[in-house]
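Here is the structure we will look at, set down as structure tokens.
The values are calculated or read from the model by the stated rules, or taken from the named source; none is laboratory data. No experiment lies behind these values; they were computed from the predicted model shown. All Cβ positions, even for glycine, are placed from backbone atoms using ideal geometry, and neighbour counts span all protein chains on display. With ligands, DNA and RNA removed, areas are computed over all heavy atoms of the protein, side chains included. Shrake-Rupley method; radii C 1.70, N 1.55, O 1.52, S 1.80 Å.
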Amino acid sequence: RLAPLRLAGFSLALEMVLSVLLYDRGFPTGGHLYNFSTRFGASVTYEVNEHLRLGLGARWMHVSNGQGLGDHNPSYEAVGFPVSVELIF
């Protein structure tokens with residue numbers, strides 16, 4: 001996570017996550033028990049006070065087994081729009 005811009009309680013963050021996923025059955029349909037996932041996105045957070053932050057974001061996700069292009073490597077892609085509330089104690 002990289003947060004290069006902070007201004008008047010707002011911060012902009014760019015995020016990237018790489019992960020290995022293990023399932024109890026093949027995913028997506030025709031896929032394997034293991035996959036790799038890549039997520040990219042950005043978010044804007046506003047610090048209301050020292051105990052509360054609110055955020056909005058946008059994410060793109062890709063899941064596949066990483067074996068190249070073709071039927072042996074089915075993939076899944078999605079877009080999400082997370083909303084966050086952080087309580088800091």
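Observations on the structure shown:
- Filtered GluC sites (Glu not before Pro), the range 11-55: DSSP coil and at most 16 other beta carbons within 10 Å: E50
- Taking the chain and dividing mean pair separation by its residue count, relative contact order in percent (alpha carbons under 8 Å, at least six apart): 24
- Per residue, in Å², the accessible surface of the chain once ligands and nucleic acids are set aside, probe 1.4 Å: 73
- With every protein chain in place, the chain: carbon and sulfur % of accessible area (1.4 Å): 65
- Summing Cβ point charges (Lys, Arg +1; Asp, Glu -1) relative to the Cα centre of the chain gives a dipole of roughly 80 debye.
- Maximal additional length on extending the E15-L52 stretch stands at 11.2 nm, based on 0.36 nm per residue less the C-alpha distance.
- For the range 1-49, the set of trypsin sites (Lys or Arg not before Pro) satisfying both a DSSP loop assignment and a count of at most 15 other C-beta atoms within 10 Å is given as R1.
- Nitroxide proxy distance, nm - points 7 Å out along Cα→Cβ at F40 and D24: 3.4
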